[in-house]
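Peer 1: Sharing a structure, written as structure tokens. Questions coming.
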Amino acid sequence: MSSTVGIGLTANPTGFNRTDATYQWSANYGQFLSWAPPDYTVIPLRNPATTHGEKIFWSFTSKTQSPDTPVIITVVAKDPSGFALGTSQLTLDWDGDFAVTVRGS
């Protein structure tokens, strides 16, 4: 049994006030989930998902139809007016039908 619901994602920004920022997460495959105290209930989130800096998770429930197409996860940090402060991407490559690896690790 797994001790997590997916790959944990946390924004680690520099160069701006992170407490005022929101983070918009998007992925070309899979789904985002919330899983946090106090009850650790898994809650599906929309794609894109918006957070305020808390950890979220990415996962999938069915095998991909395109194992040669990587999963691209993008996060955009925005200020309270919606102005983009920064962006980052994470690429996941398929390792068989039901596993992914972080590209470059």
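Peer 1: With percent of Cα pairs over 25 Å apart defined as stated, name the option among (1) 13; (2) 23; (3) 19 computed from the structure displayed.
Peer 2: The listed entry that was calculated here is (2).
Peer 1: Taking the Cα centre of each part, how many Å lie between region 75-98 and region 1-31?
Peer 2: If you average the Cα positions of each part, the centres end up 8 Å apart.
Peer 1: Also: In percent, what relative contact order does region 1-66 have, based on Cα pairs under 8 Å that are 6 or more apart in sequence?
Peer 2: On the way: 96 pairs, mean separation 27.9, N = 66.
The normalised contact order for region 1-66 reaches 42 percent.
Peer 1: Give a residue-ordered list of calculated ³J(HN,Hα) values for region 27-39 (Karplus: 6.51 cos²θ - 1.76 cosθ + 1.60, θ = phi - 60°; whole Hz; x for Gly, Pro).
Peer 2: Going residue by residue, I get 9, 7, 7, x, 9, 9, 9, 9, 7, 8, x, x, 9 Hz, with x marking Gly and Pro.
Peer 1: Highest mean first, how do 90-99, 54-63 rank when packing is the count of other Cβ atoms within 10 Å averaged over residues?
Peer 2: Taking the mean over residues of other Cβ atoms within 10 Å, the ranking is 54-63, 90-99.
Only the coordinates and a few stated rules stand behind these numbers; no lab work does. What you see is a predicted model, and the numbers here were worked out from it, not measured in a lab. Don't worry about glycine lacking a Cβ; one is built from the backbone with ideal geometry, like all the others, and counts go over all protein chains shown.
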